Amino acid sequence: MVESPTAGVTVACCQFAPRVGELTGNRAACLDVAARAAGQGARIVVLPELASSGYVFRDLAEARTLAEPVDGPTAAQWAALAGRLGITLIGGICELGDDGALYNTAVVVAGPGILAAYRKVHLWDAEKLVFTPGSQPPPVVQIGGARLAVMICYDLEFPEWVRLPALAGAQLLCAPTNWPLFPRPDGERPMEVVRVQASAAINRMFIAACDRVGHERGVDWVGGSAIIDPDGWPLAGPVPGDEERILVAVCDLGAANDKRTSERNDVMSDRRPQLYGGLVQGGRLSVAESAAIGATGAAVPQAGPVASKASSASPGVS
């Protein structure tokens, strides 16, 4: 019996403490933790959101001094490391677009270069003062026999957005995050992690969410990195707290192809999209309005195409 190329893929989340404004130090830290993850057997490595620049910018002007093109020095260093170690690396940068706007971007790199770039669509709080939101769906990249997708942090809180890469065949969703720490009842798991677990289960898809740590200009972080299986259970993490760590888990990505939840149920084939028209309408709808829209049989937009490893994805388009 020939083993599936997606069986036993080792995935890592590298939770560390970027320092806002310290590009050189952050780039070095990214290379260090990614190399250490590869040393533990990881073939797919996820870094935090805005890993190269830090997160809590004073203003747009400061962010602009830390921005770089999607194919700039950070991605070039990551691609060189990925090629040398034979890994795929996903991480966040502060992107300076060709249009002069700044984007909160995640890049997917492997030898020989950038496979895809994704601009965060759902901006959190003060991000709206710095970044322009992206306008394209999450890319799905095929690497060998594996299909991985990428989105960023707050994007995960929109179930319809997470559904898109699942519909496009993604087996693993990689999510660089910066989860600010909020109060929660004693003994409770962070709600950010709970939502990721729910998303993995309802889509029957692995999710690797890589958070950060390190006090930054008055902000603390959940430190809730986790690798979740298609049943919604953690394979690694979360261990919330202000501690750097590398989480590693072996994932049978082929399991994400099986969308069955019982003998008679399948989370994809049981969908009734002809009734979901209200989900793609702007604003909030009354029950009556939602029923009326659903009765029209409005179609739900399909996710974007799968990008092959050989393709060269342009920023924010894949």
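The values are calculated or read from the model by the stated rules, or taken from the named source; none is laboratory data. Remember, predicted model here, so these are calculated numbers, not experimental data. Glycine gets a Cβ as well: all are built from the backbone with ideal geometry, and neighbour counts include every protein chain shown.
Among the listed residues ALA51, ALA75, ALA34, which satisfies the condition of being under 26 Å from LEU123 (Cβ atoms), assigned to a helix (DSSP H, G or I) and under 18 Å from the mean Cα position of the chain (by Cα)?
The match here is ALA75.
Answer yes or no as to whether PRO138 is at pLDDT below 95 and either in contact with a helix residue (DSSP H, G or I) (Cβ under 6 Å, 6 or more places away or on another chain) or under 19 Å from LEU31 (Cα atoms) (or both).
No: the conditions fail for PRO138.
Please find, within segment 88-102, the residue that is farthest from ASP211 (Cα to Cα) out of those that are surrounded by fewer than 24 Cβ atoms within 10 Å (Cβ to Cβ) and touching a strand residue (DSSP E or B) at 6+ places or on another chain (Cβ under 8 Å).
Filtering first and then ranking leaves GLY97.
Can you tell me which condition ARG284 does not meet? The list is (1) exposed (fewer than 12 other Cβ atoms within 10 Å of the Cβ); (2) more than 20 Å from ALA168 (Cβ to Cβ); (3) of a type outside the set (S, T, N, Q); (4) at pLDDT 95 or above, and all the others hold.
So the condition that ARG284 fails would be (4).
With PRO230, PRO183, PRO240 as the choices, which residue is surrounded by fewer than 20 Cβ atoms within 10 Å (Cβ to Cβ), more than 19 Å from ALA106 (Cα to Cα) and free of Cβ contacts under 8 Å to residues at least 60 places away in the same chain?
PRO183
Out of all the residues in segment 118-145, which are among the hydrophobic types (A, V, I, L, M, F, W, C), surrounded by fewer than 24 Cβ atoms within 10 Å (Cβ to Cβ), under 30 Å from GLY254 (Cα atoms) and touching a residue at least 60 places away in the same chain (Cβ under 8 Å)?
ILE143
From the list VAL162, VAL194, pick out the single residue that is at pLDDT 95 or above, of a type in the set (Val, Ile, Thr), part of a helix (DSSP H, G or I) and crowded, with 21+ Cβ neighbours inside 10 Å.
Checking each option against the conditions leaves just VAL162.
If you go through segment 202-209 one residue at a time, do you hit one that is closer than 15 Å to MET268 by Cα, part of a loop (DSSP other than H, G, I, E, B), of a type in the set (S, T, N, Q) and touching a Leu at 6+ places or on another chain (Cβ under 9 Å)?
Looking through segment 202-209, none of the residues is closer than 15 Å to MET268 by Cα, part of a loop (DSSP other than H, G, I, E, B), of a type in the set (S, T, N, Q) and touching a Leu at 6+ places or on another chain (Cβ under 9 Å).
Going through segment 43-66 one residue at a time, which ones are small (Gly, Ala, Ser) and surrounded by fewer than 23 Cβ atoms within 10 Å (Cβ to Cβ)?
ALA61
State the number of residues belonging to segment 148-201 that are on the phi > 0 side of the Ramachandran plot and either of a type in the set (Lys, Arg) or out of contact with any strand residue (DSSP E or B) (no Cβ under 6 Å at 6 or more places or on another chain) (or both).
Matching residues across segment 148-201 total 2.
If we scan segment 85-92, do we find a residue that is free of Cβ contacts under 8 Å to residues at least 12 places away in the same chain and within 22 Å of GLU62 (Cα to Cα)?
no
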